[in-house]
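Report on the following structure.
Only the coordinates and a few stated rules stand behind these numbers; no lab work does. Please read these numbers as outputs of a predicted model, since none were measured by experiment. Every residue, glycine as well, gets a Cβ built from its backbone with ideal geometry; the counts of neighbours run over all protein chains shown.
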Amino acid sequence: MIEKTFVMVKPDGVQRSLIGEIIGRIERRGLKAIAVKMYHIPKDIAERFYAEHKGKQFYDGLIKYITSGPVVCMVWEGEGAVGAVRSLMGKTNPAEALPGTVRGDFALHPGKNVIHGSDSISSAQREINLIFNDYEILEYSKIGSEWLIE
């Protein structure tokens, strides 16, 4: 099933110049970028983005971190996009993330783990709607897509 998913290169990933590496890994997996923007997340949007964590011990630090610098927000589309990106990212705790995943290769601490990706189709839609306007999401045909999907 063709899905849309949200991906964010977090402030540590931007500062460490991992944007191109992450985009390349997702492209090589076969997904199509349909929206990309560099963004400094305002506190009110960050609080809505991470609302499910409100009241948890790490919440205030998470909000401070995600608003501390620029991020790169993206929408990717493709067959099983949510699961494909989750697989590429690796486990949230980098110590448990397999080599070859973004977090397994680049992250050292769960609080600064380089990348965020939606955990479900409904989360993806909510996250996309928080960051992007409809006119920022492009629909187009990509040459060669017949080689990716049956």
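List of remarks:
- Between LEU138 and ARG29, the distance separating the two model label sites (each 7 Å from Cα on the Cα→Cβ line) works out to 2.1 nm.
- Extension reserve of the LEU148-THR92 stretch, reckoned as 0.36 nm per residue once the Cα distance is removed: 17.4 nm
- Annotation: extensible slack from ASP119 through ILE45 equals 24.8 nm (criterion: 0.36 nm per residue apart, minus Cα-Cα distance).
- Whichever aspartates and glutamates have a C-alpha closer than 12 Å to that of LYS91, once near sequence neighbours (fewer than 8 apart) are set aside: ASP105, ASP119
- For the range 13-120, dividing the convex hull volume of the Cα atoms by the residue count gives 104 Å³ per residue.
- Taking chymotrypsin sites (Phe, Trp or Tyr not before Pro) across the range 1-107, the ones in a DSSP loop with at most 15 further Cβ atoms lying within 10 angstrom of their Cβ are PHE58.
- Excluding exposed DSSP-loop trypsin sites (Lys or Arg not before Pro) (at most 15 other C-beta within 10 Å), longest clean stretch of the chain: 57-141
- Centroid-to-centroid separation of the range 83-150 and the range 39-78 [C-alpha atoms, Å]: 15
- Candidate lysines for bridging to LYS32, where Cα separation is under 22 Å - those fewer than 8 sequence places away on the same chain excluded: LYS4, LYS10, LYS142
- Aspartates and glutamates whose Cα lies under 12 Å from that of LYS43, excluding same-chain neighbours fewer than 8 positions away: ASP60
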